[in-house]
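Written out below as structure tokens is the structure these notes cover.
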Amino acid sequence: MWNKVEHSEPKGSLGTSGSLAEEFGGPILIIDDDPHFLRVLNRMLSSEKFKVTATSNPCEALGLLRCGNFNLIICDLRMPECDGLNLLQAIRGGGSEVPVIILTAYGEVDTYLEAMNAGATEYLNKPIKSEELFRVVRNCLNRGNSRHNSQRIDHA
């Protein structure tokens, strides 16, 4: 099992225009127990200049969330130690409104409803095409930025 945390800095020059990260910004946390899929997601998002932290361990992810500030979480639904729904409930139970995308290879209506009711922002079936992933990431970060900006105005 691939049980380490991998941090990827954005690739390419920071001055390059047209990347999703420049448009929406913010670090992304990815949690998936499949090391191959974790690496693929990491590379896809890093290629768009995102700062990515990836781990296969959901318990470790909770520690990272306590210590770090992420603008988006992408989490697998079914993992051996702690499933994505439990992780999502812990995130929402802690008061965090960070957007969470739940991924699954088992596209069942019941788990979709359960994830959305628990506070998932999006629910995607594997395998994921890069265009779909980037569209959903863009939408989630846009919603997260809108919510963050309105909270800043409300607390001013």
Report task. Report, ordered by the first and then the second residue, all pairs with beta carbons closer than 7 Å, sequence separation of six or more or different chains, a first member in segment 110-131 that is among the charged types (D, E, K, R), and a second member that is surrounded by fewer than 17 Cβ atoms within 10 Å (Cβ to Cβ). Result -> K126/A105
Report summary line: Flagged in segment 99-114 as under 20 Å from R135 (Cα atoms) and either open to solvent by less than 90 Å² (accessible area, probe 1.4 Å) or small (G, A, S) (or both), in numbering order, are P99, V100, I101, I102, L103, T104, A105, G107
Requested in this report: Considering only residues that are in contact with a strand residue (DSSP E or B) (Cβ under 9 Å, 6 or more places away or on another chain) and part of a helix (DSSP H, G or I), look in segment 62-98 and name the one that is surrounded by the fewest Cβ atoms within 10 Å (Cβ to Cβ).
Outcome: R92
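Mind checking whether some residue in segment 117-130 is over 23 Å from E48 (Cβ atoms) and open to solvent by 30 Å² or more (accessible area, probe 1.4 Å)? I'd like the intermediate steps shown before the answer.
From segment 117-130, those over 23 Å from E48 (Cβ atoms) are 117-119; that's our starting set.
Next, from what is left, pick out any that are open to solvent by 30 Å² or more (accessible area, probe 1.4 Å): 117.
Checked segment 117-130: at least one residue is over 23 Å from E48 (Cβ atoms) and open to solvent by 30 Å² or more (accessible area, probe 1.4 Å).
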Query raised in the report: In segment 82-100, what residues are under 16 Å from R143 (Cα atoms) and touching a Leu at 6+ places or on another chain (Cβ under 6 Å)?
Result: P99, V100
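The values are calculated or read from the model by the stated rules, or taken from the named source; none is laboratory data. Keep in mind that what you see is a predicted model, and the values were worked out from it rather than measured. No Cβ is skipped: glycine too gets one built from the backbone with ideal geometry, and neighbour counts run over all protein chains shown. Side chains included, ligands, DNA and RNA excluded: accessible areas come from the protein's heavy atoms. Shrake-Rupley method; radii C 1.70, N 1.55, O 1.52, S 1.80 Å.
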